[in-house]
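Contents: one structure, followed by commentary.
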Amino acid sequence: MPAATPSRPGTGPFVVDLRDLTRQPGQVKSLERRLSAPEGWTVAMIGLPPGQPIDLVGQLEDVGDGVLVSGQIDFVLIGQCARCLTEISRTGQATFQELFVYPGRAADDADLSRVQGQTIDLEALVRDAIVLDLPLAPLCRDDCQGLCARCGANLNDDPRHSHTDTVDARWAGLSKWVQSQSE
Ligand SMILES: [Zn+2]
Ligand SMILES: [Zn+2]
């Protein structure tokens, strides 16, 4: 069983009804859905805020012992650069594939995903495909220069940034204040 889902089994936007899929090996049904991210699909600095759209295109295939679900998801990640704190908005794509075993098959294997009644729940599958791949320290660009350790200026905007110690001592407090006002 995947991790507990907030919704009751058999309901919710990530649940797929299998009643249209003829239970016969080789039968295929296409799957297309626009979903929205639930709470908690972010890591420290990037992810999908609640309500962020997820476009899913895939297929269900009866493989005898269960239903093989596979497909692709497209989404936009929202976050913050770990070095310069600029907002990041980036398209993402992930693929997924999982076998959901029919009730009564492979009963001794507790780790398998299972068909619940006539439905399967894709929430844990889609979540893992997106969230497990999120970078812990996302960057606005690979060579992001980050912030000045002394005054907090964005070094991408001001690459020739420099200080003299005299100026530092006098203006450090003001620079901090200016930075806090712009946040
Ligand atoms: Zn950056
Ligand atoms: Zn500086």
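Within the stretch 131-152, the set of residues being touching a strand residue (DSSP E or B) at 6+ places or on another chain (Cβ under 6 Å) and more than 16 Å from ligand 1 (Cβ to nearest atom) comprises Val131, Leu134.
Within the stretch 141-164, is there a residue that is within 21 Å of Glu39 (Cα to Cα), surrounded by 12 or more Cβ atoms within 10 Å (Cβ to Cβ) and either of a type in the set (A, V, I, L, M) or not assigned by TED's automatic domain parsing to the domain that holds Pro53 (or both)? No, the stretch 141-164 contains no residue that is within 21 Å of Glu39 (Cα to Cα), surrounded by 12 or more Cβ atoms within 10 Å (Cβ to Cβ) and either of a type in the set (A, V, I, L, M) or not assigned by TED's automatic domain parsing to the domain that holds Pro53 (or both). Please find, within the stretch 30-78, the residue that is nearest to ligand 1 (Cβ to nearest atom) out of those that are open to solvent by less than 10 Å² (accessible area, probe 1.4 Å), among the small types (Gly, Ala, Ser) and not in a loop (DSSP other than H, G, I, E, B). Restricting to residues being open to solvent by less than 10 Å² (accessible area, probe 1.4 Å), among the small types (Gly, Ala, Ser) and not in a loop (DSSP other than H, G, I, E, B), the top hit is Gly47. Taking the conditions (1) of a type in the set (A, V, I, L, M); (2) open to solvent by less than 50 Å² (accessible area, probe 1.4 Å); (3) within 16 Å of ligand 1 (Cβ to nearest atom); (4) in the same structural domain as Ile46 (by TED's automatic domain parsing) in turn, Ala124 satisfies each one other than (3).
Looking at the stretch 83-93, is at least one residue away from ligand 1 (no atom under 16 Å from the Cβ), within 28 Å of Gly40 (Cα to Cα) and open to solvent by less than 30 Å² (accessible area, probe 1.4 Å)? Within the stretch 83-93 (the criterion being away from ligand 1 (no atom under 16 Å from the Cβ), within 28 Å of Gly40 (Cα to Cα) and open to solvent by less than 30 Å² (accessible area, probe 1.4 Å)), the answer is yes, since at least one residue qualifies. Cβ separations smaller than 8 Å between residues 6+ apart or across chains give the following pairs from the stretch 16-42 residues that are in contact (Cβ under 8 Å) with a residue 40 or more places away in the chain and more than 18 Å from Phe96 (Cα to Cα) to residues that are in a strand (DSSP E or B) and open to solvent by 50 Å² or more (accessible area, probe 1.4 Å): Leu21/Lys29.
The values are calculated or read from the model by the stated rules, or taken from the named source; none is laboratory data. Values in this document were obtained by computation on a predicted structure and should not be read as measured data. Virtual Cβ from ideal backbone geometry, glycine too; neighbours counted across all protein chains shown. Quick note on the areas: whole protein, heavy atoms, side chains included, nothing else; ligands and nucleic acids left out. Shrake-Rupley method; radii C 1.70, N 1.55, O 1.52, S 1.80 Å.
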